[in-house]
Amino acid sequence: MPLFGSTFSPKKTPARKCTSLSSLHLLDRTTREIELGLEYGTPSMNLAGQNLKFENGQWVAESGSFTGNHRETQRLRKRNQQLEEENNLLRLKVDILLDMLAETTAESHLLDRELEELKNHSRRRK
């Protein structure tokens, strides 16, 4: 007999019931697709009155009326590209100006220290 009570003995798990009560797994593939609605087709959406469908990794207009907006989209993309390039150039210029400012500030502090040392040195001589 163990010192602190009986030995560990877990309860046995009850037997499982039938895995599925549905008979859909017995149907063939085409019948399951019809029953469960697995035939999706291509994704499509309506955006601002334009019907678009997803083909080959891109959204494509289903109707021909999208071409006018397509030109506008291309123009806006080009303008966006130009603005991004200008923004990058301006960021580069700001970085260069900040570096120049830091360098000038450091030189100014060095010159101020040097001036103070010369003033102190000339006071000691008097």
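Before moving on, here are some points about what is shown:
Conditions (1) assigned to a helix (DSSP H, G or I); (2) on the phi < 0 side of the Ramachandran plot; (3) surrounded by fewer than 10 Cβ atoms within 10 Å (Cβ to Cβ), marked per residue:
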residue	(1), (2), (3)
Arg32	yes, yes, no
Asn51	no, yes, no
Leu97	yes, yes, no
Thr105	yes, yes, no
Arg113	yes, yes, no
Arg124	yes, yes, yes
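- Boolean, Ala15 is at pLDDT 95 or above and small (Gly, Ala, Ser): no
- Residue in region 34-45 that is part of a strand (DSSP E or B), surrounded by 10 or more Cβ atoms within 10 Å (Cβ to Cβ) and at pLDDT 70 or above present: yes
- From Lys78, Lys119, Lys93, residue being within 30 Å of Met45 (Cβ to Cβ), part of a helix (DSSP H, G or I) and among the basic types (Lys, Arg): Lys78
- Among the residues here, Gly68 qualifies as within 37 Å of the chain's Cα centre (by Cα) and modelled with pLDDT under 80.
The values are calculated or read from the model by the stated rules, or taken from the named source; none is laboratory data. Computed from a predicted structure; not experimentally measured. Ideal geometry is used to build each Cβ from the backbone, glycine not excepted, and the neighbour counts take in all protein chains shown.
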